[in-house]
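One structure is given below, encoded as structure tokens.
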Amino acid sequence: MSDENNSSTPAGSATPTYAEAVQIAKECLLRGRVSECDEISRQALILSWASSAEALSLSDGWIGKRGFVAVKASKDSMNIPELVEAASWNPLAFQAAGLLSARLLERGDQLPSELVSLAIEILNGKQPPPTPRNERKGNHAQTWWRKYYVWKAVAELVDLGFKSTRNVASEHVSACDAVAEAMSKLNVRPSSYGRVYDFWKECDSLKSGSQN
């Protein structure tokens, strides 16, 4: 497997070592609570993304209270601009953006400009819901949760200067290798380079296709 569009090292910054990359990926996956994927329902994931985006963009990070405990959104959650960007290719992010828009309108709050732009695109028929083939067959929320955060971990390492993937004969030090090793350390599947590569390519293709 190969990827000819790998990112180069950002100007003026040093690429982490491979061991550091594994640790960075592990921390990213932990923030995304990947180990809890199997316990997440589709509606719970949509609600979580909508509430976290609202909290990060409009409420200084505070989601609200559960009982008597104040809850703050994870620093790795998507804010509203990020949620709207993900809505162009991630079906659950699309639904979360819609849920958040409806919630704000019901309260009589002004919609942030990003949600207004998304609503206009949808109403004009320029932004249909993203529906990849496996989603039409009923892809579970935990699958999208896991794929998104695996993709996010790989993307984070690519931004730091790692090549996303590698050739079969190349040294096993790509971003996908590091994420696979981090998944193995967390005892979470997929923990093989091949499956992490598949997740990366599927999400990256959806994201790239939404921008064409």
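The values are calculated or read from the model by the stated rules, or taken from the named source; none is laboratory data. Treat the numbers as computed from the prediction; the structure is a model and nothing was measured. Positions of Cβ are backbone-derived with ideal geometry, glycine not excepted, and every protein chain shown enters the neighbour counts.
Listed values, structure above:
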| item | result |
| --- | --- |
| Qualifying residue in the range 188-210 (condition: modelled with pLDDT under 85, within 20 Å of Val22 (Cα to Cα) and surrounded by fewer than 16 Cβ atoms within 10 Å (Cβ to Cβ)) | yes |
| Residue, farthest from Glu121 (Cα to Cα), within the range 157-187, restricted to residues that are surrounded by 19 or more Cβ atoms within 10 Å (Cβ to Cβ) and hydroxyl-bearing (Ser, Thr, Tyr) | Ser174 |
| Test: residue in the range 63-83 that is surrounded by 20 or more Cβ atoms within 10 Å (Cβ to Cβ) and either at pLDDT 85 or above or in a helix (DSSP H, G or I) (or both) | yes |
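Let's see how each residue does on (1) closer than 22 Å to Cys176 by Cβ; (2) at pLDDT 80 or above; (3) among the small types (Gly, Ala, Ser); (4) over 14 Å from the mean Cα position of the chain (by Cα):
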| residue | (1), (2), (3), (4) |
| --- | --- |
| Asp3 | yes, no, no, yes |
| Glu20 | yes, yes, no, yes |
| Ile24 | yes, yes, no, yes |
| Cys28 | yes, yes, no, no |
| Gly32 | yes, no, yes, no |
| Ser35 | yes, no, yes, yes |
| Glu39 | no, no, no, yes |
| Arg42 | no, no, no, yes |
| Ser51 | no, yes, yes, yes |
